[in-house]
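Here is the structure we will look at, set down as C-alpha cells.
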Amino acid sequence: RVRRGLGLPPAPEPAPGLRYAAELKIDGLAVSLTYERGRLVQGATRGDGTTGEDVTPNLRTIEAIPDRLTEPVTADVRGEVFMPKSEFARINAEREELGLPLYANPRNSGAGSLRQKDPAVTASRLLSAWFYQLLEEPPAVDRQSAALDRLARLGLPVNSDREPGLDIEGVMAFTERWREARHDLPYETDGVVVKVDRFDHQQRLGMVSRAPRWAIAYKFPPEQVETVVEDIVPYVGRTGTLTPVAHLRPVKVAGSTVARATLHNLDEVRRKDIRVGDTVVLQKAGDVIPEVVRSLADRRTGGEQAFEMPAACPVCGTSIVRDEGTVRHYCPNPSCPARVGQEFAHFAGRGGMDIEGAGWKVLVQLIQRGMLKRRGDFYRLTIQDLESLDRFARKSAENLYEAIQRSRRRPLGRVLNALGIPQVGETTAIDLARWATVNVPPGDDWLRRVSAFLREIATAASERFEEVEGVGPTVTGSLARFFSDPATADVLEDLADAGVEPEAPALAAATGEGPLTGKTVVVTGTLPGFSRQEAEEAVRAAGGKPAASVSRKTDYVVAGEGAGSKLAKAQELGIPVLDEDGFRRLLAGKGSEGG
Ligand code: ZN
C-alpha cells in the first residue's frame with residue numbers, strides 16, 4: 001500500500017529510498033509535553049488525540065521526564081507514560097490483600113496513577129515514560145529515525161533499539177527479535193509500530209479518516225500454555241484475607257517458569273470452575289502476573305476435586321468469616337501469627353512508614369524475641385536491641401536505627417495507609433488524609449487530634465466518610481468499623497506516645513498546589529464549621545485565592561447563614577454557589593457537583 005501510494009514499483013522490485021522506523025509499542029497513557037526554550041511548561045494527556053487533561057504537576061513527579069532539555073529548544077514532544085512491571089505487581093498484590101478490584105494490566109494502573117488529583121499519589125508510584133514524536137518549527141530533522149535520535153540527545157527517554165531506517169526485511173527481523181526478548185524488558189510491550197521513515201513520504205501518503213496511511217501497528221499474540229493444577233492452597237494475608245493459590249506443574253510462559261498463580265478468591269475459582277487435577281490454560285496478565293485463564297473440562301478424568309474454603313484458619317484455627325456482599329473470606333483473629341508478621345511488614349513497607357532495612361527476616365526475629373508487640377515498639381528499639389539480632393553488627397544496627405527515626409515524620413496519608421485499613425488502598429488513604437487535614441488543622445498533638453476526629457466520625461456520623469474522594473458506602477462501612485474499634489485508637493495513641501508526628505499533606509504545603517489552584521473563592525455569611533478566617537485559610541491551603549468581592553473573575557461563592565448582596569451578585573453572574581458541605585467537598589478535591 002505504501003509503495004502504491006508513493007508511486008513506487010511493487011515488491012520485490014528494489015525501492016532504496018523507502019525506509020521504515022520500527023518501535024516497540026508501549027501500551028501506556030499517551031501524553032504530550034510542551035517545552036519552551038528547553039523548559040517543561042506543560043504536560044497533558046492526549047485523550048482523543050486533540051484535547052486532554054492538564055497533568056503537569058503529576059508529570060513533573062516522574063523521574064524519567066526531564067524538567068530541562070539539553071538544548072533550549074521550543075517543541076512539543078509526544079510519548080507514553082507507563083508503569084513498570086515490578087510496580088504493577090507490587091500494587092496489585094497490595095490491592096488483592098485489601099480486597100480491592102485488581103488492575104487488569106499496567107496500562108490501567110499507570111493511567112489511574114497519572115490522573116490522580118494529588119500529585120503525591122503519582123509520586124508514590126514509580127512511573128516511567130518514553131517518547132517517539134517531536135514537533136518543532138522549523139523541523140530540525142526530516143525523518144522519524146532521526147527524530148528519535150534527536151529526542152534522545154535532548155535528554156528524553158527513547159527506545160535504545162533503533163537504526164537509521166530499515167527496509168521491510170529489517171522490520172521483520174526487529175519484530176522477530178522482540179517476540180521473545182520483550183519478556184525480559186522491565187515494562188510491558190504488546191507489539192511493534194512501523195512507520196514510513198521519511199517525513200516527505202509521510203506527507204504524500206496522508207491520512208485516511210483519522211489514521212495515518214504511513215504507520216501500522218503489529219500486535220504480538222498473547223502467549224498461552226497448558227499445565228496442570230496440582231493443588232489449591234489458601235494463604236492467609238495481612239488483613240486475614242484467605243487467597244486460594246493454584247500450585248501448578250512448573251511451566252515456562254512469557255519468559256519465566258511459573259509454579260503458582262493466585263486464583264484471587266472463591267467466587268473466581270467457582271466462576272472459572274478450576275479444580276485440583278485440572279488441565280488449565282495459563283498466561284501472564286499484563287505480561288507479569290501468572291493468570292489461570294480457564295480450565296479444560298474435556299480433559300477431565302473424573303478424579304478432579306473442587307476447591308472449598310476451609311472452615312478454620314489454616315494457621316491459627318480460628319473460624320473463617322465471610323464479609324457480607326464481598327468476595328473476601330478472612331481469619332478474624334487479630335493475633336493470628338500469619339497476620340501479625342505481615343501487618344508489621346506492611347507497616348514498615350514502602351507504602352507505609354518506609355523503614356529501610358526492616359525486611360521480613362528482621363521483623364520475624366523482633367517479633368519472636370518479644371521486642372515488637374505493638375507498632376509503636378519500632379520507635380522504642382535501641383541500637384543495642386538491634387545489635388543483638390542475628391547477622392547484625394554495630395553499623396547495620398545504627399543504619400536501621402536511623403531509618404526508624406527518619407520514619408517518625410511521614411505524610412499523614414502514609415501513616416494511615418501503614419495501619420492497613422481493610423478495603424482502603426494507598427490512594428484512598430491519601431485522600432482520607434487530605435480530608436482529615438481540612439477538618440483538623442495541623443499543629444501540636446496532631447496525630448491524637450486526627451485520631452479523635454476519625455473515631456468521632458466513625459461512631460457518630462460515619463456517612464461523612466463519603467465526603468472523601470472516591471469513597472462510597474462499602475468503604476465507608478469499612479472505615480467506620482476500623483476507626484470505631486478501640487484497638488485502632490490504641491494503635492494511634494501508641495504511635496503518638498512513641499513520637500510519630502505525621503506531616504500534613506500537600507493541601508497545606510507551601511507549593512500552593514491543590515484542588516483550588518488558580519481559583520478565586522468568595523466566602524460570605526456565617527458557616528457553622530468555619531470562622532471567616534479559617535475558611536479563607538482553607539481556600540489558601542487548597543491552592544486557591546480568597547477574595548472579598550464577587551466579580552466575573554470569581555470561580556465559587558460559598559454562602560452561609562445571612563448571606564446577602566454577594567449571594568445575589570453571584571446568582572446574577574451565574575457563579576456556582578456552595579453551602580458548607582459543598583465547600584468541604586471542594587476543598588477535598590471533589591468538585592462542586594451536588595453542592
Ligand atoms: Zn488465623
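Some notes on this structure:
- Net charge of Cβ neighbours under 12 Å - reference Glu561; Lys, Arg +1; Asp, Glu -1: -2
- The phi torsions of segment 200-212, fed into the Karplus equation with coefficients 6.51, -1.76 and 1.60 and a -60° offset, translate into couplings of 5, 5, 4, 5, 5, 6, x, 10, 10, 6, 9, 9, x Hz, rounded to whole numbers, with Gly and Pro shown as x.
- Calculated [θ] (222 nm, deg cm²/dmol) that DSSP helices of n ≥ 4 give over the chain, each run adding -39,500 (n - 2.57): -10000 deg cm²/dmol
- Applied to segment 403-409, the Karplus parametrisation 6.51 cos²θ - 1.76 cosθ + 1.60 on θ = phi - 60° returns per-residue 3J(HN,Hα) values of 4, 5, 4, 4, 6, 4, 10 Hz, with x for Gly and Pro.
- Residue among Val491, Val522, Ala568 farthest towards the positive dipole end of segment 441-569, charges placed on Cβ: Ala568
- Selection among Thr279, Val293, Met309 by position relative to the dipole of segment 267-324 gives Thr279 as farthest towards the positive end (Cβ unit charges, Cα centre).
- Rounded to the nearest 20, the size of the Cβ-charge dipole of segment 266-310 about its Cα centre is 100 debye, with Lys and Arg at +1 and Asp and Glu at -1.
- Note on the chain: Kirkwood radius taken over Cα pairs, Stokes-Einstein applied at 20 °C and 1.002 mPa s, translational D equal to 78 µm² s⁻¹.
- Here the spin labels are modelled as points 7 Å beyond Cα on the Cα-Cβ line, and at Asp200 and Ser551 they lie 5.5 nm apart.
- You can think of it this way: the chain between Arg408 and Asp354 has 18.4 nm of extra reach, that is 0.36 nm per residue less the Cα-Cα gap.
- Two-site FRET efficiency, Asp231 against Ser462, from Cβ-Cβ distance with R₀ of 56 Å, rounded to 0.05: 0.85
- Highest average first, the peptides 278-285, 264-271, 430-437 ordered by how many other beta carbon atoms sit within 10 Å of their residues are 430-437, 278-285, 264-271.
- Fraction of alpha-carbon pairs over 21 Å apart in segment 389-480 - percent: 40
- Assuming charge only on the beta carbon of Lys and Arg (+1) and of Asp and Glu (-1), the dipole of the chain about its Cα centre is about 820 debye to the nearest 20.
- Spatial separation of Cα centroids for segment 215-268 and segment 320-348, in angstrom: 22
- Least to most buried among Tyr187, Tyr235 (fewest other Cβ within 10 Å first): Tyr235, Tyr187
- If both residues of a DSSP beta bridge must be in the chain, then about 85% of such bridges are antiparallel.
- Given R0 = 41 Å, the distance between the Cβ atoms of Asn399 and Thr34 translates into a calculated FRET efficiency of 0.45.
- A crude spin-label estimate for the pair Ala312 and Ala211, with each label 7 Å from Cα along the Cβ direction, gives 6.1 nm.
- Computed over segment 159-272, the ratio Rg/Rh where both radii use C-alpha atoms and Rh is Kirkwood: 1.18
- Selection from Ile383, Pro334, Trp360 lying farthest towards where the dipole of segment 300-447 points positive, charges on Cβ: Ile383
- Computed lengthening from Lys219 to Arg374, 0.36 nm per intervening residue step minus Cα-Cα distance: 50.7 nm
- Across Lys85/Lys361; Lys519/Lys569; Lys25/Lys252; Lys545/Lys569; Lys284/Lys373; Lys85/Lys395, pairs whose alpha-carbon gap is larger than 27 Å: Lys284/Lys373; Lys85/Lys395
- Order of Cys336, Cys331 under a 10 Å beta carbon neighbour criterion, fewest first: Cys336, Cys331
Just so you know, all these numbers are worked out from the coordinates, no wet-lab data involved. Keep in mind that this is a model prediction, so the values were computed, not measured. FYI the Cβ positions are ideal-geometry reconstructions off the backbone, even for glycines, and counts take in every protein chain you see.
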